[in-house]
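The values are calculated or read from the model by the stated rules, or taken from the named source; none is laboratory data. Quick caveat, the model's predicted, so the values are computed rather than measured. Glycine also receives a Cβ, built like all others from the backbone with ideal geometry; neighbour counts cover every protein chain displayed. Note: accessible area is taken over every heavy atom of the protein model, side chains too, but ligands, DNA and RNA are not part of it. Shrake-Rupley method; radii C 1.70, N 1.55, O 1.52, S 1.80 Å.
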Amino acid sequence: MKSLSHIYHPADTRADELFHQQFTANALRTDHMFAVLMIIQWLAAITISLVLTPLNWNGSESQIHDHVWLSVIFGGVLAALPIFLVWRMPGQAVTRQVIAVAQMLFSGLLIHVSGGRIETHFHIFGSLAFLAFYRDWSVLIPATLVVAADHYIRGVYWPSTVFGITNPSHWRWAEHASWVIYEDIFLIVACRYSVRDMWDSAARTAQLERINLEIENQAVELRRAYTANQAIVETALDAVVRMDNQGTITAWNPQAETTFGYSAAEAVGHSVAELIVPVGLRDAHRAGVQNYLESGTSRLMRQRTEQTAMRRDGTEFPVEIAIAPIVSDDTITFCAFIRDITDRLEAGRELKNAMQASEASSKSKSAFLANMSHEIRTPLNGILGFADLLLKRIDGDKEERRDYLQTIHDSGRHLLTIINDVLDLSKIESGQLEVESLQCSPHEIIASTISILRVRAQERGINLEYFWKSEIPELIYTDPARLRQILMNLVGNAIKFTEVGSVQVAARLEPGNNPHIVIDVIDTGVGIEEGALDRIFDPFTQADTSITRRFGGSGLGLSISRRLAKLLHGELTVTSEFGRGSIFRLRIPTGPLEGVRLALGPAADVIRAHAHADRRDPSKLPDCRILLVEDGVTNRKLIKLVLEKAGADVTCAENGRAGVTVACSEPFDLILMDMQMPIMDGYAAARELRRLGYSMPIVALTAHAMAGDEAKCREAGCSGYLSKPIVPNRLLEVVSEELKHCTEVASRENTTRCELTLQSSLPMDDADFREIVEEFVVRLDEQLVALRAAWNRKDETEFAQIVHWIKGSGGTAGFESITTAAALLERCIRQGDTEDYEQHIEGLEDLLRQIRIPVGAN
């Protein structure tokens with residue numbers, strides 16, 4: 001019936017849905033009616049056959065008449081199939097088509113068992129009327145065909161069973177079929193009208209639903225708009241006052257309560273002129289309102305003007321006010337937006353005073369810079385000129401002198417660059433100074449800054465330390481020259497104002513959507529009084545006038561540093577305690593960090609110098625063999641050079657795993673072990689050597705100088721401790737002290753060597769634990785083969801899955817070193833650092849070869 005409904009209203013989906021709901025519900029009801037009717041008709045057929053022809057006589061003998069059996073069996077079949085379909089497939093077209101056929105066959109059965117009586121023929125017309133209850137005229141077609149076929153076949157061959165006579169007219173069946181068709185015409189018309197009525201009803205219902213939904217939506221929108229408007233008014237920073245055309249207050253928001261001192265209950269219903277307009281302005285206010293009501297014009301309407309208002313206590317204050325007329329039908333109301341501008345006017349006066357002071361400061365600054373430019377540039381140009389001449393005249397074989405002079409030259413040129421930047425303060429203030437955004441290494445900038453200032457710290461007898469509080473990106477986007485200039489100012493100031501103690505430079509990464517690098521410069525110097533903190537960033541200003549006489553300086557450094565920090569889209573802040581020290585915090589954005597490697601610790605991120613160290617003459621080392629395990633090329637080259645010049649024989653290794661291998665294959669008197677290395681760090685390497693039985697001294701080279709770091713190194717098995725960067729004299733002192741605890745060098749060939757083996761920490765004398773370890777070793781061998789294959793075919797997913805399995809399973813099987821090595825490789829995967837994959841894979845394969853399962857363990 002869907003096609004019929006679309007004929008009437010083809011575009012209304014909801015009406016079509018409602019129509020089919022009604023049609024289906026009607027079909028279900030009619031199905032159940034016919035299910036009951038089938039049972040009644042079956043019983044009626046049996047009853048009629050038992051009453052009219054119960055027996056079939058043959059002389060004195062009788063038997064049950066065929067009509068009875070026909071009623072019982074055929075009638076049961078006719079009733080069963082429709083009832084089954086009503087049960088399993090209610091409301092479907094096939095069910096009502098089968099019911100139509102079955103109903104007409106029941107009519108034929110009743111006509112047959114009644115002997116063709118005319119009364120039973122009316123059952124056909126009643127059945128057609130019942131079928132019309134479906135409102136589906138298509139069910140009448142099979143019903144009519146069944147009636148016509150039944151009358152034709154039985155009328156030709158068994159006329160008495162259908163017409164009650166043995167010799168009817170040959171066209172008697174056509175007469176009966178015509179009457180059926182005649183009834184069909186009326187029933188079809190009735191069905192179509194009924195369907196149209198059902199669709200019209202569905203369409204009206206759908207329309208009412210739409211109207212109701214629109215009304216509900218409009219009501220929701222109105223409530224939402226009212227709530228939003230009310231929220232805006234209630235939370236507005238301005239006082240919002242509504243009045244009628246007589247000037248009576250009708251609405252008073254919370255800010256109006258704060259501004260004028262009246263609660264809403266006190267204000268509503270009172271005249272606005274009497275409540276908040278000063279006495280001298282009330283007549284003018286009333287006249288203005290009346291003029292607008294009469295003429296529709298006013299110089300105050302729809303624009304912000306500055307006026308004077310009155311608070312509850314009678315005090316007058318300046319306000320900014322805008323009045324908007326609201327016209328609704330023939331009624332006019334007013335809404336006033338009022339803002340207290342007392343603070344703004346005061347700020348304006350202060351700004352004017354500040355501008356005048358700034359102009360005066362600018363004039364003094366310009367005079368100062370002109371004098372300083374002449375005084376500083378002249379000697380620096382002379383120094384650089386003579387340095388250039390010395391560089392040109394040095395013989396090629398005097399590399400050490402050339403290196404020293406090159407350092408002097410570079411430092412002098414860098415100092416000149418900084419001074420030139422200071423002299424450009426006027427450009428910074430005028431906005432003419434441009435900054436770059438280049439990719440650079442923050443560690444390199446900080447380390448080079450501290451390297452330049454290290455001598456100054458040594459001369460003052462203080463420690464200069466540099467360390468990381470978190471992982472630091474190897475590269476950031478900023479202006480390296482400006483960042484270096486800021487650090488030179490901050491660290492230089494910290495050294496200058498610190499007489500006892502230390503200066504620390506601590507760097508950390510502040511992650512997030514907009515990551516920043518934070519550099520703290522911490523000193524134990526004189527500190528700054530709380531009242532002076534606001535002034536120290538002003539040009540030509542220090543905490544007090546005695547500072548200049550005591551420590552020197554022009555007072556430009558901090559001002560330039562803060563302004564440069566702002567140009568780099570960062571900030572420079574300070575906290576200080578007078579007499580205890582200060583912390584200057586520089587925070588600048590790193591730029592995008594996608595694909596940038598994060599390092600755990602710098603190669604030399606602590607710079608500590610003792611003033612007395614360089615004044616002591618280093619002793620020569622005895623003939624000895626030293627293993628240097630260090631991943632930094634520059635550090636490795638420097639330390640090896642110092643040791644060899646002192647008389648030692650030095651062998652180098654680039655990471656902890658290689659260091660363990662070399663130490664177990666050759667005799668050494670001492671090992672210098674860097675703590676932060678790839679593949680295997682110094683802590684793991686020291687623990688591994690001690691586990692393997694290595695008994696010679698191991699001296700830690702650490703870039704950390706925080707509390708607890710030395711204890712951590714000694715806990716790992718180190719016998720000595722040195723912080724970076726390495727001071728040559730201190731290095732030789734520590735090495736000499738450690739060698740004193742060893743046996744004579746000549747006996748080192750008899751030193752116990754370690755056996756390069758790897759054993760599980762699980763109890764191998766237990767058969768169950770031993771089986772777990774053996775299964776892990778076999779599985780590890782297979783996984784390492786698969787790992788290398790995945791790496792060769794660049795299958796990153798499988799590669800990462802295998803590494804994760806090794807990391808999780810290694811510790812379970814008692815091999816912590818395998819878990820550590822896999823964890824390092826997994827971190828490289830997360831950071832996208834594919835360059836070290838091969839070394840990590842080889843390290844894992846080397847660990848597998850070292851695994852030994854004790855013989856005889858049960």
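Please go through segment 506-520 and give me each residue that is surrounded by 22 or more Cβ atoms within 10 Å (Cβ to Cβ) and touching a Ser or Thr at 6+ places or on another chain (Cβ under 8 Å), ordered by number. Within segment 506-520, just Ile517 meets the criteria.
Would you mention how many residues in segment 651-682 are open to solvent by 10 Å² or more (accessible area, probe 1.4 Å), more than 14 Å from Ala716 (Cα to Cα), assigned to a loop (DSSP other than H, G, I, E, B) and out of contact with any Cys (no Cβ under 7 Å at 6 or more places or on another chain)? Of the residues in segment 651-682, 8 are open to solvent by 10 Å² or more (accessible area, probe 1.4 Å), more than 14 Å from Ala716 (Cα to Cα), assigned to a loop (DSSP other than H, G, I, E, B) and out of contact with any Cys (no Cβ under 7 Å at 6 or more places or on another chain). Can you find even one residue in segment 568-584 that is surrounded by fewer than 14 Cβ atoms within 10 Å (Cβ to Cβ), at pLDDT 80 or above, out of contact with any helix residue (DSSP H, G or I) (no Cβ under 8 Å at 6 or more places or on another chain) and outside any strand (DSSP E or B)? Looking through segment 568-584, at least one residue is surrounded by fewer than 14 Cβ atoms within 10 Å (Cβ to Cβ), at pLDDT 80 or above, out of contact with any helix residue (DSSP H, G or I) (no Cβ under 8 Å at 6 or more places or on another chain) and outside any strand (DSSP E or B). Summed over segment 447-467, the residues that are part of a helix (DSSP H, G or I), surrounded by fewer than 17 Cβ atoms within 10 Å (Cβ to Cβ) and in contact (Cβ under 8 Å) with a residue 60 or more places away in the chain give a count of 3. Filtering Gly717, Gly693 for residues that are open to solvent by 30 Å² or more (accessible area, probe 1.4 Å) and either at pLDDT 80 or above or in a loop (DSSP other than H, G, I, E, B) (or both) leaves a single hit, Gly693. When segment 115-145 is filtered for residues that are in contact with a Leu (Cβ under 8 Å, 6 or more places away or on another chain), within 20 Å of Phe163 (Cα to Cα) and open to solvent by 30 Å² or more (accessible area, probe 1.4 Å), the ones remaining, listed by number, are Gly115, His123.
One line per residue, one yes/no per condition, for (1) within 21 Å of Gln759 (Cβ to Cβ); (2) more than 27 Å from the chain's Cα centre (by Cα); (3) of a type in the set (Phe, Trp, Tyr); (4) at pLDDT 80 or above:
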| site | (1), (2), (3), (4) |
| --- | --- |
| Val803 | no, no, no, yes |
| Thr812 | yes, yes, no, no |
| Glu816 | yes, yes, no, no |
| Ala822 | yes, yes, no, yes |
| Asp833 | no, no, no, no |
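Residues in segment 250-265 that are closer than 16 Å to Ala322 by Cα, without any contact (Cβ under 8 Å) to a residue 60 or more places away in the chain and either among the β-branched types (Val, Ile, Thr) or part of a helix (DSSP H, G or I) (or both): Gln255 alone.
Is it fair to say Ile83 is surrounded by 13 or more Cβ atoms within 10 Å (Cβ to Cβ), β-branched (Val, Ile, Thr) and either more than 60 Å from the chain's Cα centre (by Cα) or modelled with pLDDT of 90 or more (or both)? Yes: the conditions hold for Ile83. Every condition in (1) of a type in the set (A, V, I, L, M, F, W, C); (2) under 25 Å from Leu593 (Cα atoms); (3) buried (at least 17 other Cβ atoms within 10 Å of the Cβ) holds for Trp791 except the one numbered (2). In segment 845-854, is there at least one residue being assigned to a loop (DSSP other than H, G, I, E, B), β-branched (Val, Ile, Thr) and open to solvent by 30 Å² or more (accessible area, probe 1.4 Å)? So far as segment 845-854 goes, yes, one or more of its residues are assigned to a loop (DSSP other than H, G, I, E, B), β-branched (Val, Ile, Thr) and open to solvent by 30 Å² or more (accessible area, probe 1.4 Å). Take Leu37 and decide whether it is open to solvent by 30 Å² or more (accessible area, probe 1.4 Å), out of contact with any Cys (no Cβ under 8 Å at 6 or more places or on another chain) and at pLDDT below 85. No, not satisfied.
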